[in-house]
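The values are calculated or read from the model by the stated rules, or taken from the named source; none is laboratory data. Keep in mind that what you see is a predicted model, and the values were worked out from it rather than measured. A quick note on method: Cβ atoms are made from the backbone with ideal geometry, for glycine too, and the neighbour counts reach across all protein chains shown. For accessibility, only protein heavy atoms count, side chains too; no ligands or nucleic acids. Shrake-Rupley method; radii C 1.70, N 1.55, O 1.52, S 1.80 Å.
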Amino acid sequence: MKVFDELIQQTLSLLPQEQKSFTEFRDTADLIGGKNEIILGKESLYELGGSSLNCAVYNLYTIDEALVSKDEVILCGKDIGEIKEDCSFAKIAIIRTDIKEEQDEQSAYDILEKINLKKYDVFPKGYMVRTSVLSNREQARVSKVALKNKLSFRDVGKMYIDQFHKNPHVKAVKIIFVTTEDADYLELDRLGMKATNLFRAMNHAIYDLKMDCSHCEWKVLCDEFEGMKEMHQKILNEKK
């Protein structure tokens, strides 16, 4: 699965040089809240990606150990306890899997889809995530409870890592949080939309029996990213 590797390289190249890396984590069991926790506006201290500020959230996948060698949380910018007002926000998960061992693209896609859904199972206390699938945005509302518990992005990142690892095909996860003012959020968001469209293109290649490239809306993506043409041709051969 090389399809997302170019996007991973582009994403990493856009990150600010000043970064904090965390590979050791505290037990976060007491920091996990309920699925239906709601933080009202009057209880909120600030929103990540709120007030129509920039926001970029997406997942990327690879089998390359050089890109994701271990579980890691990277923070570019201020931590949860240091932020005082609404700010721009990016959260990117780069997930290394073993799906190269799968025999067909259908199985690979199904695995990625199940892994992707795990991002909806993270519920830190005092940290309410609001997701918009249509706009590809994910805002987080932070309350006093989070600060009282000294919740950090290292903790939130660990919760995501733990959820992704519930799928046995996940081998390592790199979670990246960006809150600094000078990051290129617009370009990160553009890469996020490409990642989303690549995922949709994979689904289209698997289920569209006609495979008419000349009239396919995803042809531009297939031409741009290494691995898509290879996967496409393999599916064509299997359907002959």
Computed accessible area, Tyr120, all protein chains, 1.4 angstrom probe, square angstrom: 90 Å²
Global geometry of segment 1-70, whether rounded, prolate or oblate, following the gyration tensor of its Cα atoms and the 1.5 cut on a/c: prolate
Cross-link pairs beyond the 25 Å C-alpha cut-off, checked among Lys70/Lys91; Lys20/Lys42; Lys78/Lys114; Lys20/Lys158: Lys20/Lys42; Lys78/Lys114
Per residue accessible area of segment 86-192, 1.4 Å probe, in Å²: 43 Å²
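Rounded to the nearest percent, how much of the accessible area of segment 26-161 (1.4 Å probe, protein heavy atoms only) is carbon and sulfur?
The nonpolar share, carbon plus sulfur, comes to 47 percent.
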Estimated D of segment 49-135 in µm² per second, where Rh is the Kirkwood radius over Cα pairs and Stokes-Einstein applies at 20 °C, 1.002 mPa s: 138 µm²/s
Between segment 112-173 and segment 4-19, the alpha-carbon center distance in angstrom: 20 Å
Accessible surface ranking that places the most exposed of Asp121, Asp155 first, with a 1.4 angstrom probe: Asp121, Asp155
Cα shape, segment 129-182, gyration tensor, a/c 1.5 rule: oblate
Summed side-chain charge close to Glu24 - residues other than Glu24 whose Cβ falls under 15 Å, Lys, Arg +1, Asp, Glu -1: +1
Interchain or long-range residues, amide H under 5 Å from Cys55's placed H: Phe89
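How would you classify segment 151-198 from its alpha-carbon gyration tensor, with a ≥ b ≥ c the square roots of the eigenvalues: rounded for a/c under 1.5, else prolate if a/b is greater than b/c, otherwise oblate?
In terms of gyration-tensor shape, oblate.
Normalised by the number of residues in segment 1-96, what is the relative contact order in percent for Cα pairs under 8 Å and 6+ residues apart?
With pairs under 8 Å counted, the relative contact order is 44 percent.
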Cβ-derived FRET efficiency at R0 25 Å, Lys114 paired with Gln9, nearest 0.05: 0.50
